[in-house]
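What follows draws every value from the coordinates through simple rules; no lab data is involved. This is a predicted model, so every value here is computed, not measured. Counting neighbours? That spans all protein chains shown, and the Cβs are built from the backbone with ideal geometry, glycine included.
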Amino acid sequence: MAKKPVPLKVHVTRLDMTAPPRTSLPVPVNVQTAIMRTPEIPLHFYRYLYRQIGKRWQWYERLQMSNDELAAVIHSKTVSISVLYVDGAPAGFFELAKLENDVVELSYFGLFERAMGLGIGKWFLLQALYSAWQDNPAKVTVTTNNLDHPRAIQLYQMMGFSPVGTEEGLILPMTDAALFKAIDG
């Protein structure tokens, strides 16, 4: 009999950015990169990206959605998804959502494991932020937690975000059976 997953305690941090980034970074050398916005991204491709990046950080919410629920979110006119390709293969993505009150949320941002260590993380985040500030919102927000990359908050602050709130929560990890079912859609 399979063991039930044990809830994980998380420390959640919300961060805001009230001005566009003032920094610039050169395109990484020795790798070919491309960032492509993907309107109407196929659900199976989105789930693949989400799972490849999120498996290390306990991303699970989108994997539990039905096809209709997921399509309603990611194909919304207020959501933009852009995929990073490195040397011709998918290597990461970011998702932006335009919220009320002229706010843009960086909903998801991440790299595939194979892309970590190539020196493209900061550059890719900066590209996501340039995209977020394209329509001059009042602010850009992001939420992270202690299950995310250990340097996530430090990187967000380096790019101009400031913490605005914290809270404690619980995440119930998905079982292997649920993950396999979710991946199959």
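Here are some notes:
- Globularity index of the chain, i.e. its alpha-carbon radius of gyration over 2.2 N^0.38 Å: 1.03
- Degrees separating the helix 121-132 axis from the principal Cα axis of the chain, which is the longest one: 80
- Counting only Cα atoms, the size of segment 9-108 along its three principal axes is 40, 34, 33 Å, in decreasing order.
- Formal net charge of residues neighbouring Trp133 (Cβ-Cβ distance under 14 Å; K, R +1; D, E -1): -1
- Listed by Cβ neighbour count within 10 Å, with the fewest neighbours leading, Met17, Met116 appear as Met116, Met17.
- With neighbours defined as other Cβ atoms within 10 Å of a residue's Cβ, the residues Val164, Val79, Val29 order from fewest to most as Val29, Val164, Val79.
- Gained length - Arg14 relative to Tyr48, 0.36 nm times residue gap less alpha-carbon distance: 9.6 nm
- Taking all Cα pairs closer than 8 Å and separated by 6 or more residues, the relative contact order of the chain comes to 40 percent.
- Cβ-to-Cβ counts within 10 Å put Ser80, Ser24 in ascending order as Ser24, Ser80, the fewest first.
- Given the chain, longest segment not containing exposed loop GluC sites (Glu not before Pro) (DSSP; at most 11 other Cβ within 10 Å): 101-185
- Full-extension gain in nm, Val27 to Val73, via 0.36 nm per residue minus C-alpha separation: 13.5 nm
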